[in-house]
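Report on the following structure.
The values are calculated or read from the model by the stated rules, or taken from the named source; none is laboratory data. As the structure is a computational prediction, the values presented were derived from the model and not from experiment. Cβ coordinates were reconstructed from backbone atoms using ideal geometry, including for glycine residues, and neighbour counts include every protein chain displayed. Note: accessible area is taken over every heavy atom of the protein model, side chains too, but ligands, DNA and RNA are not part of it. Shrake-Rupley method; radii C 1.70, N 1.55, O 1.52, S 1.80 Å.
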Amino acid sequence: MLDTRSAAAGVMAVPERRFAEALLALCGDWLTAHPQCACIASGMVGSRQGWVEAPYLECPAGLADAAAQLVRVAFGNGHHLHIVPGLRCTGDDGQADVMRGEETQLWGADVAAGSCCVLPGTHSKWAWLGEGDRVLGFQTHMTGEVYALLTQHGILGRLMAFGEALMPAAFDDGVRLGLQQHAHLLHTLFAARTAGLMGQRAANELPDFLSGMLIGAEIASARSGRRAAGAVTLLGDGALCDRYARALGLAGMAVQRAAHEATTRGQWRVAVAAGVTAATTTSMRDKR
């Protein structure tokens, strides 16, 4: 990797869908210096709200399948962006599930066939891999979004005091409760209020108690399916992955971490497989 740049805004923050202007503002000088540079993108840039909608490939699907169906978009002065398609599958419940961006991260993670991978986030993913980088299936859990909604727009947040440091005992208790009572989650969640009302937990412990409950319920749900796993590979960085590693350990599951920069490595591999690489490749991602 020669250089990196980032912007905090996702596709929903691009005004009037001016995606070409946003990309050129971020790395237009790179493209001027390297006019033959291949550009590749994955994630929500290929969604219905993104630049151009890329298709969903039906699972099982692998890197070669995605490389054969890149969506090519012209922009700027003769440049082209290649957008990686997303994946779709049907769950045990007969309902459709989709991912955009995480598939590219999986293809750059260097994990073995038969692995179960967990990608924490606003919508966390549990994905099961087969031979040849093929994604056999996956589940989406809206854990992060539900936490944000409950704490920012619901009554549970009224008693909470938010801080930077993890309250480990409160988090662990929440994880255990979520693991044990995941089938009754809509009832159990109210404990994040009553624990404060009854003086059982301090205000600054309640956010981590709730976080633990939700992550614990997610783990219990994911490992109860037909592809239950005793060990998982975590993909991602930072404090959220640390929380998941802690919760998975409490659930008795072995955890390993994937290598950093999996998305960038996955994008490069898709570009190579598609034959669109030049001496330099510019990649962009957004999983929002």
*Can you list residues whose amide H is under 5 Å from Cys39's amide H, if they're 5+ apart or on another chain and H is modeled 1.01 Å from N?*
His80, His82, Thr282
*What Cys residues in the chain have no fellow cysteine's beta-carbon under 4.7 angstrom?*
Cys27, Cys37, Cys39, Cys116, Cys117, Cys241
*When the C-alpha atoms of the stretch 81-226 are aligned to their principal axes, what extent does each axis show, in angstrom, from largest down?*
53, 36, 26
*asked:* For the stretch 217-256, what does the convex hull of the Cα positions come to per residue, in cubic angstrom?
replied: 65 Å³
*Within the stretch 110-210, which GluC sites (Glu not before Pro) sit in a loop by DSSP and count at most 12 neighbouring Cβ atoms inside 10 Å?*
Glu164
*Express the relative contact order of the chain as a whole percentage, based on alpha carbon pairs under 8 Å and six or more residues apart in sequence.*
24 percent
*By accessible area with a 1.4 Å probe, ligands and nucleic acids excluded, highest first: order of Trp268, Trp126, Trp30*: Trp268, Trp30, Trp126
*Probe 1.4 Å, all protein chains present, accessible-area order of Val272, Val45, largest first*: Val272, Val45
*In whole Hz, with x marking every Gly and Pro, tabulate ³J(HN,Hα) for the stretch 37-45 from phi via Karplus 6.51 cos²θ - 1.76 cosθ + 1.60, θ = phi - 60°.*
4, 7, 10, 9, 9, 9, x, 5, 4
*If you place +1 on the Cβ of every Lys and Arg and -1 on the Cβ of every Asp and Glu, how big does the dipole about the Cα centre of the chain come out, in debye to the nearest 20?*
240 debye
*Starting from the amide H of Arg257, placed 1.01 Å from N in the peptide plane, find each other amide H under 5 Å away whose residue is 5 or more places distant or on another chain.*
Leu234
*Using a Förster distance of 51 Å, how high is the FRET efficiency between Gln180 and Asn77, based on the Cβ-Cβ distance and rounded to 0.05?*
0.30
*Read phi for every residue in the stretch 152-163 and hand back ³J(HN,Hα) as whole Hz from Karplus 6.51 cos²θ - 1.76 cosθ + 1.60, θ = phi - 60°, with x for Gly and Pro.*
9, 10, x, 5, 4, x, 5, 9, 8, 10, 9, x
_trypsin sites (Lys or Arg not before Pro) within the stretch 211-244: DSSP coil, no more than 10 neighbouring Cβ in 10 Å_ = Arg226
*Take the alpha carbon gyration tensor of the stretch 166-235, find the square roots of its eigenvalues, order them as a ≥ b ≥ c, and report rounded if a/c is under 1.5; if not, report prolate when a/b exceeds b/c, else oblate.*
oblate
*Ignoring ligands, DNA and RNA, what percent of the 1.4 Å accessible area of the stretch 1-104 is carbon and sulfur?*
51 percent
*Sites Glu16 and Arg48 - FRET efficiency at Förster radius 25 Å, r taken between beta-carbons, to 0.05*: 0.95
_Above 24 Å lies some portion of the pair distances; for the stretch 1-130, what is it as a whole percent of all C-alpha pairs?_
35 percent
_Per-bin percent of Cα-Cα distances, the stretch 230-279 [10 Å]_ = 24, 36, 22, 15, 3
*Normalised by the residues of the stretch 33-185, what does the relative contact order come to in percent, with Cα pairs under 8 Å and at least six apart?*
17 percent
*Report, in cubic angstrom per residue, the convex hull volume of the C-alpha atoms of the stretch 148-288.*
145 Å³
*Compactness ratio of the stretch 66-160: Cα Rg over 2.2 N^0.38 Å, N = residue count?*
1.40
*What order do Met167, Met160, Met213, Met198 take when sorted by accessible area (1.4 Å probe), most exposed first?*
Met198, Met167, Met160, Met213
*On a 0 to 90° scale, report how tilted helix 238-250 is relative to the longest principal axis of the chain, with both axes built from alpha carbons and the result rounded to the nearest 10.*
50 degrees
*Please work out how much length the chain gains when fully extended from Ala113 to Ala165, using 0.36 nm per residue of separation minus the C-alpha to C-alpha distance, in nm with one decimal.*
15.1 nm
*Which value, in Å² and to the nearest 10, is the accessible area of Asp3 when all protein chains are kept and the probe is 1.4 Å?*
90 Å²
